[in-house]
Amino acid sequence: MDYVIEMVDITKKFPGVIANDKVNFKLKKGEIHALLGENGAGKSTLMSVLFGLYQPDGGKIKVYGEEVKINNPNDANELNIGMVHQHFKLVHNFTVAENIVLGMEDTKNGFISMKDSIKKINDLSKKYGLKVEANSIIEDISVGMQQRVEILKMLYRDADILIFDEPTAVLTPQEIEELMDIMRQFAKEGKSIVLITHKLREIKAVAERCTVLRKGKYIDTVEVKDTSMEEMAEMMVGRKVLFDIEKQENEINDTILTVEKLNVRDLINNKLLVKDVSFEVKEGEILAVAGIEGNGQTQLVEAITGLRKIDSGKVWFKDKDITHAPVREKTLQGIAHIPEDRHKYGLVLDFTLEENLILQDYFKPQFQNYGFLNFPEIHKHAEELIENYDIRSGKGRLTLTRSISGGNQQKAIIARELSRDNSLVIAVQPTRGLDVGAIEYIRKSLLQKRKENKAVLLLSLELDDVMNLADRIVVMYEGEIVANVMAEDTNENKLGLYMAGSKRGDGYEKN
Amino acid sequence: MKKIINNLFKSCKALLNKLFTKIKTAKKKTLLITIIAILIFISVWLWDNPTFYFLTRITLYSSIPLMVVALGGMFSERSGVVNIALEGMMLMGAFVGLFIMYILQGKGYNGQHIFLLSIFIGGIVGAVYAILHAYASINMKANQIISGTALNLFAPALAIFLARFFTGTQQLNFSDPFRIKRMGFLSDIPVIGKILFTNVYLSTYIGIVILLVSAIILYRTRFGLRLRACGEHPQAADAAGVNVYKIRYAGVIISGFLAGIGGVVLIVATTTTFNANVSGYGFLALAVLISGQWRPGRVVIVALLFGFLLKISDAVTLIPLLDNLRLPSNVYSMLPYIATLFVLAFTSKKSQAPRAAGEPYDAGKR
């Protein structure tokens, strides 16, 4: 009876996929146990089953040695199981305190009474160093504080078994350190912790044991201190993985893209989302825009690519002013765009692969004649790209795009964008949600473009992407550029300070 | 020519922008004081003017049902279910409520308790009719607009069929002894006495009570907090142990109850025959709800404004200033609808609709 949680042969099916296939998972009291796997390996599903969000199709769950059925999160709460979800489950226009008490509100004569609740929240917040302001509205506070609210939500419910689902994805390196300290403190008090992640370094830093899942299947549970990162990576992916890609010296030439004092406003509340941003991207260089999610990077790129209205400022492409040029003109002049949301802006999911591959070119004489599509050409074009870019799908060029995997969808976009004659590639979070193999491929393609003397503007929330690819890095904080540094002169810690807004680079001092 | 129009357009836009920013930057307190000052000024100026009181009275007759129905819509949409079936729910409530009244009056019963009974039965029928919408949109995860449209189309047909089946004609006639002429000393209070305590229906007070209770429920109770959470982020509510389906059922049923009440109250206060329609008040209530930004406080103000615009055409001949313009009365009848278009066009951009409204909630979906 050493284990607080035993999950035996858990199976969970979704239409078309088996997310968990007879998975076993055992959690000891007072340990930090990592759950490792690639995106889509079934880690979150397994923990959602434990938290009562999904019902398993097979297998059993034991808590403190007793077999239980967890039908909903209420049952989980009663078993003292709490979970911090990857996408926070917070109501944006409620206060911090309202979010924490939701579901177990104190009432007095039928009316909600917050006084005792707020006191309890403040006590917990002091005890664990989880700084929050109980009366702030969620949408006004930082992502880091939102996560602390989620943690307090578990503690408020007296949870002893804490599940953290990819908690570090939205944090700066410094905040990650703090979070790990807090997790160690929990473990010391006898709470048991599950850390869902695909980052090996974090596992090494904080976890004692590690369970690996791959494609919905249980692989193994290992002692972290006896296992190297390479071994864990191999278990996770199923083959040996290259950690760092070779990046060669490259010659940097003429300026391709110039952004001058760009300002972008939120149409709804008129706030400035991008403030006086200026930078240049040159031939043969990869410029990365780093920052924590929601600091204006997305809006900056949307403004440059034409998806969002520019309030003031100028954008120059080579020698042309393209500030207000329509999207098609921008693509025709040679800007390739790998958009952030590949389902929304990158592909028409209910089109076939070949149709998606000509979305940017269907109007060119090559593909149409007096408005009628030239199918033989389209077929040929699709087969060429599928061959060259190794896009794997069930029925080749006629596959419905919706039915192919995320990595191959991304490859399709990359094939379409990079095969056109471009001098600038704008890539927004190109590796998001992809497995290690696809990430490797995408990084290589971007480096290839750099070698061909093209300019690359990369926006990524993954510091790994930024550090591995960029020649130069600009950091955005609250819509402003706070640093513009050469990649070799910086490291993740320094970037973290810029990203958190606690430090500014040379030439970007606060005025 | 094009340039001139362009310039004109630009300057108009600039002017409007200026105006808006001014209103926005003005502090809440100053705004409140100005409004109160204007109200005092108007009451002093018009305190003995019978036309003014006639206008406030008939404004209340249509504002109260509009407000009650809009508050109903608020409960549904704040729980995450879009309710365009308000019109149909009003109609069903009004039909059965008035049918009861028609029968009882035929048997010689009369008096306020008949009115109260009709209101209550109207509410119950509205709530029952709303269960159909709840079942379709919560259990069956149907498109809520289509479910609402179906209920709107079904309601008048059913009402006409039943009316003909039971009475032989589709019109229900009833008498209206429910208007209270005076309420003792209360009617002697200057200004307010004449607006609120002379020639009123009990339903006015019911409406005010519903408003206060709704606001308290929404903002001060456990149910209200959970209701709002379900409308904004049902996954969050679910993870916190709130049963989203139950809360949404409650929201939709309350909205049917209030819509049914609104239907009876509207018909009694504005006419003495019921002909299987509520003249689009359900849709206007929806406009009131949206313009009122899903908040009780604003819903009242918009409901009063819309009620006033709806009734101004009845009072035109009594207001010399407007009568002298010699505009066809149709112009005034158009006012509420034009106002709706304008208000919606200007507020839609900043609209703070409940984020999850219209989305079926599926706990098992990933």
Residue within the stretch A:46-54 that is in contact with a strand residue (DSSP E or B) (Cβ under 6 Å, 6 or more places away or on another chain), aromatic (Phe, Trp, Tyr) and more than 12 Å from chain B (Cβ to nearest Cβ) present: no
Extreme residue, surrounded by the fewest Cβ atoms within 10 Å (Cβ to Cβ), among residues of the stretch B:268-299 that are small (Gly, Ala, Ser) and over 12 Å from the mean Cα position of the chain (by Cα): B:GLY297
Test: residue in the stretch A:415-427 that is among the basic types (Lys, Arg), touching a Phe, Trp or Tyr at 6+ places or on another chain (Cβ under 8 Å) and surrounded by 17 or more Cβ atoms within 10 Å (Cβ to Cβ): no
Counted residues, the stretch B:324-366 - those being surrounded by 12 or more Cβ atoms within 10 Å (Cβ to Cβ), more than 14 Å from every other protein chain (Cβ to nearest Cβ) and within 30 Å of B:SER137 (Cα to Cα): 7
Residues (away from chain B (no Cβ under 14 Å), exposed (fewer than 15 other Cβ atoms within 10 Å of the Cβ) and over 21 Å from A:ASP160 (Cβ atoms)) located in the stretch A:55-65: A:GLY58
Failed item in (1) on the phi < 0 side of the Ramachandran plot; (2) surrounded by 15 or more Cβ atoms within 10 Å (Cβ to Cβ); (3) at the interface with chain B (Cβ under 7 Å from one of its Cβ atoms), with A:THR107 passing the rest: (2)
Members of the stretch A:472-493 found to be among the charged types (D, E, K, R) and farther than 18 Å from A:GLN248 by Cα, listed by number: A:GLU478, A:GLU480, A:GLU492
Residue within the stretch B:300-317 that is of a type in the set (D, E, K, R) and within 17 Å of B:SER63 (Cβ to Cβ) present: yes
Residue tally, condition without any contact (Cβ under 8 Å) to a residue 40 or more places away in the chain and either assigned to a helix (DSSP H, G or I) or surrounded by 16 or more Cβ atoms within 10 Å (Cβ to Cβ) (or both), over the stretch A:487-497: 4
Single condition A:VAL91 does not satisfy, out of (1) within 14 Å of another protein chain (Cβ to nearest Cβ); (2) farther than 16 Å from B:LEU227 by Cβ: (2)
Cβ pairs under 6 Å, 6+ apart, first in the stretch B:232-245 and at the interface with chain A (Cβ under 7 Å from one of its Cβ atoms), second basic (Lys, Arg): B:GLU232/B:ARG355; B:GLN235/A:LYS89; B:ALA236/A:LYS89; B:ALA239/A:LYS89; B:VAL242/B:ARG226
Residue check, B:LEU321 surrounded by 15 or more Cβ atoms within 10 Å (Cβ to Cβ), out of contact with any helix residue (DSSP H, G or I) (no Cβ under 7 Å at 6 or more places or on another chain) and part of a helix (DSSP H, G or I): no
Filter result for the condition that a residue is more than 14 Å from chain B (Cβ to nearest Cβ), among the β-branched types (Val, Ile, Thr) and either touching a helix residue (DSSP H, G or I) at 6+ places or on another chain (Cβ under 8 Å) or farther than 26 Å from A:ASP464 by Cα (or both), over A:VAL68, A:VAL96: A:VAL68
Scan of the stretch A:110-142 for residues that are away from every other protein chain (no Cβ under 14 Å), in a helix (DSSP H, G or I), without any contact (Cβ under 8 Å) to a residue 40 or more places away in the chain and buried (at least 16 other Cβ atoms within 10 Å of the Cβ), ordered by number: A:ILE118, A:LYS120, A:ILE121, A:LEU124, A:SER125
Criterion violated by A:VAL4 - all others in (1) among the hydrophobic types (A, V, I, L, M, F, W, C); (2) buried (at least 22 other Cβ atoms within 10 Å of the Cβ); (3) within 12 Å of chain B (Cβ to nearest Cβ) satisfied: (3)
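Can you confirm whether A:THR172 is of a type outside the set (A, V, I, L, M) and crowded, with 22+ Cβ neighbours inside 10 Å?
On the way: of a type outside the set (A, V, I, L, M): yes; crowded, with 22+ Cβ neighbours inside 10 Å: yes.
Judged against the criteria, A:THR172 is a match.
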Among (1) touching a residue at least 60 places away in the same chain (Cβ under 8 Å); (2) part of a strand (DSSP E or B) - the single one A:ILE203 does not satisfy: (2)
Residue within the stretch A:387-401 that is among the aliphatic types (A, V, I, L, M), modelled with pLDDT under 95 and surrounded by fewer than 21 Cβ atoms within 10 Å (Cβ to Cβ) present: yes
Residue satisfying all of: in the stretch A:403-457; in a strand (DSSP E or B) and within 19 Å of A:LEU347 (Cα to Cα); farthest from the chain's Cα centre (by Cα) among these: A:VAL425
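The values are calculated or read from the model by the stated rules, or taken from the named source; none is laboratory data. Please read all numbers here as calculations on a predicted model, not as lab measurements. All Cβ positions, glycine included, derive from the backbone under ideal geometry; neighbour counts span all protein chains shown.
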